Amino acid sequence: MAPISIRLDRVSKRFDHTVKGEVYAVRDVTLAVQQGELLTLLGPSGCGKSTTLRMIAGFEEPDEGTIFIEGQDVTHVLPNRRGIGFMFQNYALFPHLTVFENVAYGLRVQGRDATSLTRAVEEVLELVGLANYGRQQPHQLSGGEQQRVALARAVVFQPKVLLFDEPLSNLDAKLRVEMREQIRSLQKRIGITTVYVTHDQEEAMAISDRIAVMERGAVVQDGTAQDLYYRPLTEFVARFIGRTNLLVARVVTAGEVDVEGLRIPLASGRDVGEVVRLVVRPEMIDIAPAAVGEAGSGRITQRTFLGEKTDYEITFGSTTLQVTRSDTFRGPSLDVGDDVRVSVDPTRIHSLGQPISP
């Protein structure tokens, strides 16, 4: 296992709110980031992810807890002495300086000699695909190119850790995909420990080695994208990571549950009569034509064709299932109003938390 590069030990941060009084932005967060790992802090607005990042950077000081970078306690160390590279949401480029001078700014502050400074800037501009852009002004660049300048400036002085605060939020959808791939590729090439903040779960899943999901200032689950998607610990994580069906079902036999007449096999044994919550992802459900009025069948109430997949909504009494099919060209055509039979592989079903009392 790689050594720990960043460690937060029971870190909390409070702010004074004009109406609510003193509130916790971050509460009792403990995290460890391994050397060379890319950890994403993921959650909705106001969950504390950016405040956590700013405390790692030194822009905010925790009220409780300790922050370590490469084994050194930096809780009260100034930002410019922590060895961090920080990429802001708005890029924070100097409009009056060329691309070269923007990237070189931090090195000049450090007093780097002209020869090594020039070599370092040219190398990093080539690394981000801007080898011939040194004389350009920021206003002459596209949003994606400005993003790469900001990235080059963050890594040019070889920081110990790299921090990103919603870096792609100002780009269009296509550029976001391109830039997240470039950030991921660059991070792996240089092997720098990185903490990345976003509210976009797809972005987090695409770029991260590990994701820490935050809710109301606390980390509620951390793990790989696969862990969070297939084995969420809470309803919040199940809903926030991807689309899902959260079903309340009653165990009717040792290996089967009932959801409003729909019988679903359950791999893990539960006691008959228990009420359980199930996480079933839309793509894990199979549907096929059913006879009108067939027991346990549902009806398609909505169909959305999206090219590589088709999304359906299927109703069973008061329950609505979201279903995704990616091979619609292979099977029979299904449309709104059709009755369908539903089946789910029991190994694809995740039981959420403790049983609910009947």
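The values are calculated or read from the model by the stated rules, or taken from the named source; none is laboratory data. Keep in mind it's a predicted model, so treat the numbers as computed, not measured. So basically every Cβ, Gly included, is an ideal-geometry build from the backbone, and we count neighbours across all protein chains shown.
See the values below:
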item	result
Meets criteria (surrounded by fewer than 18 Cβ atoms within 10 Å (Cβ to Cβ), closer than 22 Å to Ser185 by Cβ, at pLDDT 90 or above and not polar (S, T, N, Q)) for Ala131	yes
Test: residue in the stretch 154-164 that is over 23 Å from Leu41 (Cα atoms) and outside any helix (DSSP H, G or I)	yes
Considering residues of the stretch 204-244 that are assigned to a loop (DSSP other than H, G, I, E, B) and small (Gly, Ala, Ser) only, the residue nearest to Lys188 (Cα to Cα)	Ser208
Hey, Val248 exposed (fewer than 15 other Cβ atoms within 10 Å of the Cβ) and modelled with pLDDT under 85 or not	no
Pairs with Cβ under 6 Å, 6+ apart, first in the stretch 283-311 and under 18 Å from Pro332 (Cβ atoms) and in the same structural domain as Asp338 (by TED's automatic domain parsing), second among the aromatic types (Phe, Trp, Tyr) and surrounded by 10 or more Cβ atoms within 10 Å (Cβ to Cβ)	Gly298/Phe316; Ile300/Tyr312; Arg303/Tyr312
Test: residue in the stretch 258-272 that is out of contact with any strand residue (DSSP E or B) (no Cβ under 8 Å at 6 or more places or on another chain), within 30 Å of Ala206 (Cβ to Cβ) and either at pLDDT below 90 or crowded, with 16+ Cβ neighbours inside 10 Å (or both)	yes
Residue within the stretch 201-209 that is touching a Lys or Arg at 6+ places or on another chain (Cβ under 8 Å) and surrounded by 17 or more Cβ atoms within 10 Å (Cβ to Cβ) present	yes
Residue match in the stretch 170-186 (condition: on the phi > 0 side of the Ramachandran plot and either of a type in the set (Asp, Glu) or surrounded by fewer than 20 Cβ atoms within 10 Å (Cβ to Cβ) (or both))	no
Number of positions in the stretch 299-354 that are among the charged types (D, E, K, R) and in a helix (DSSP H, G or I)	1
Selection count where residues are buried (at least 16 other Cβ atoms within 10 Å of the Cβ) and among the charged types (D, E, K, R), scope the stretch 65-92	2
Residue in the stretch 274-285 that is of a type in the set (A, V, I, L, M, F, W, C) and either part of a loop (DSSP other than H, G, I, E, B) or exposed (fewer than 15 other Cβ atoms within 10 Å of the Cβ) (or both) present	yes
Matching entry among Lys20, Lys49 (being among the charged types (D, E, K, R) and at pLDDT 95 or above)	Lys49
Unique residue being over 16 Å from Gly242 (Cα atoms) and either in contact with a helix residue (DSSP H, G or I) (Cβ under 8 Å, 6 or more places away or on another chain) or hydrophobic (A, V, I, L, M, F, W, C) (or both) when the list is Val323, Val280, Val340	Val340
